[in-house]
Amino acid sequence: MTIIRRLLAAGAAMGVLAFAAASAQTPPTSTLEAVKKRGQVICGVNVGLGGFSLADSQGKWSGLDVDMCNAIAAAVLGDAAKTKYVPLSAQQRFLALQSGEIDVLLRNSTITLERDAGIGLQYSGVNFYDGQGFMVSKKLGVKALAELNSATICVAQGTTHEFNVASWFRSRNLTFKPVVFESVDVMYEAFFSGRCDAVTQDSSALASALATRGRQADYMLLPELISKEPLGPFVRRGDDVWNAVVRWSLFAMLEAEERGITTANVDEQLKSTDALVQRLLGVKPGNGKALQLDEKWAYNIIKQVGNYGESYERNVGAGSPLKLARGLNGLWTKGGLMYPLPLR
Ligand SMILES: N[C@@H](CCC(=O)N[C@@H](CS)C(=O)NCC(=O)O)C(=O)O
């Protein structure tokens, strides 16, 4: 090696060391910082699931997951419209979050131990409690799941459903023939053209498929739900400041519902003498500072997006084609599972 080459090699090695030392000292930029700098929240969403995330003919997205994304933008940037939605398939979704392509995954994704602890991600909360259901043609005359013994069942790849359905049948010594699809659209097309006796998905997704295709007259859901499918946002593991923003944005929507604060009355509520309402709406400071957000973060969510109940009703509840009852997604004060932790 010539002297010059040796010097160059040594210089390069020192450069690498200096870089390593610098990166050991500088804490990794949190997603919150990146979002503030960019002025936009990038959310990974379902390619098209009515009620959760669906774009209309003008390209305007709506749904429960879309509202959650907008709520985060309202909290962080003061503007619910500062969002970008990246449509992802079931297979692509976790990779898109791991690689940093999106800031948060809001794609009817079930929280499981493996997904929360085993793949470099973490969940931030539950925005919809679901369960895996089955849909059949009314003509089939089947009233209960066990009657599907040896039937053909359409199922989507890369979902929790493949595993759940196999273990439900196996543990009862029953059999079924799975037909696995990469795309849900192709799956439903196959099902509605008679390729399978039943199709399985989250029950909300089945209700959505029935409503958007207008097939309620000829098809029905079986009564059994065979699994717990708590759906919620995911962020990268270790991204704790950002995780807190996502989690408390959801709790703020729930707390607003619990206290009867809506888009329509939030300005009136600014005059409330209730210390907790004052704290929630930033009249009394503290919550914003703790989250590294403006004190108006929760006010902006409620004013621009609404409380959880408002979002639920317009997207999946009575005001939507899905017409899903609140059930498990009701507030804890009304017999449901939605329990916002104290916002103080
Ligand atoms: N909650 C389940 C299912 C989520 C899901 O992606 N369901 C449908 C969409 S509603 C699907 O399978 N899509 C297939 C795809 O997009 O490739 C999970 O997290 O695995």
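Every number here is computed from the coordinates shown, using simple stated rules; none is lab data. These figures come from a predicted structure and were not determined experimentally. Please note: Cβ atoms are built from the backbone with ideal geometry, for glycine as well, and neighbour counts cover all protein chains shown.
Projecting label points 7 angstrom from Cα along Cα→Cβ for I119 and L328 puts them 2.0 nm apart. Eigen-decomposition of the gyration tensor built on the alpha-carbon atoms of the chain gives equivalent ellipsoid semi-axes of 39, 31, 17 angstrom, largest listed first. The charge dipole of region 132-227, taken about the Cα centre with unit charges on the Cβ atoms of Lys, Arg (+1) and Asp, Glu (-1), comes to about 280 debye, rounded to the nearest 20.
Span-like helix criteria (full DSSP H runs; alpha carbon extent of at least 18 Å along the helix axis; mean Kyte-Doolittle hydropathy of at least 1.0) are satisfied in the chain by 3-25, 64-77. Take each peptide in 256-263, 55-62, 227-234, 210-217, count the other Cβ atoms within 10 Å of every residue, and average; sorted highest first, the result is 227-234, 256-263, 210-217, 55-62. Residues E189, E310, E295, E114, arranged from fewest to most other Cβ atoms within 10 angstrom of their Cβ, appear as E114, E189, E295, E310. In this structure, the amide hydrogen of F181, modeled 1.01 Å from its nitrogen in the peptide plane, lies closer than 5 angstrom to those of V155, A156, Q157, counting only residues at least 5 positions away or on a different chain. With both labels modelled 7 Å from their Cα along Cα-to-Cβ, the V186 to R237 distance reads 3.2 nm. Among 182-188, 146-152, sorting by the average number of other beta carbon atoms lying within 10 angstrom of each residue, highest first, gives 182-188, 146-152.
For region 132-227, what is the percent of antiparallel DSSP beta bridges, rounded to the nearest 5?
So the antiparallel bridges amount to about 50 percent of the total.
Once backbone amide H atoms are built at 1.01 Å from N, Q201 has G133 as its partners under 5 Å, excluding neighbours fewer than 5 places away on the same chain.
Between K284 and K36, what length in nm is gained on full extension when 0.36 nm per residue of separation is reduced by their alpha carbon distance?
Result for the pair: 86.9 nm of gain on full extension.
The eigenvalues of the Cα gyration tensor, multiplied by 5 and square-rooted, give region 41-94 an equivalent ellipsoid with semi-axes of 18, 13, 9 Å from largest to smallest. For region 39-137, the direction-averaged projected area of the alpha-carbon convex hull comes to 7.6 nm². Pairs of Cα atoms nearer than 8 Å and 6+ residues apart set the relative contact order; for the chain it is 20 percent. Between Q292 and V179, the C-beta separation translates, for a Förster distance of 56 Å, into a calculated FRET efficiency of about 0.70. Per residue, the convex hull around the alpha carbon atoms of region 137-282 comes to 176 Å³. On a C-alpha basis, how far is the centre of region 107-138 from the centre of region 176-236 in Å? Whole number, if you could? Here the two parts' Cα centres lie 14 Å apart.
Basic side chains Lys and Arg get +1 at the Cβ, acidic Asp and Glu get -1 at the Cβ, and with that the dipole of region 231-344 about its Cα centre reaches some 160 debye.
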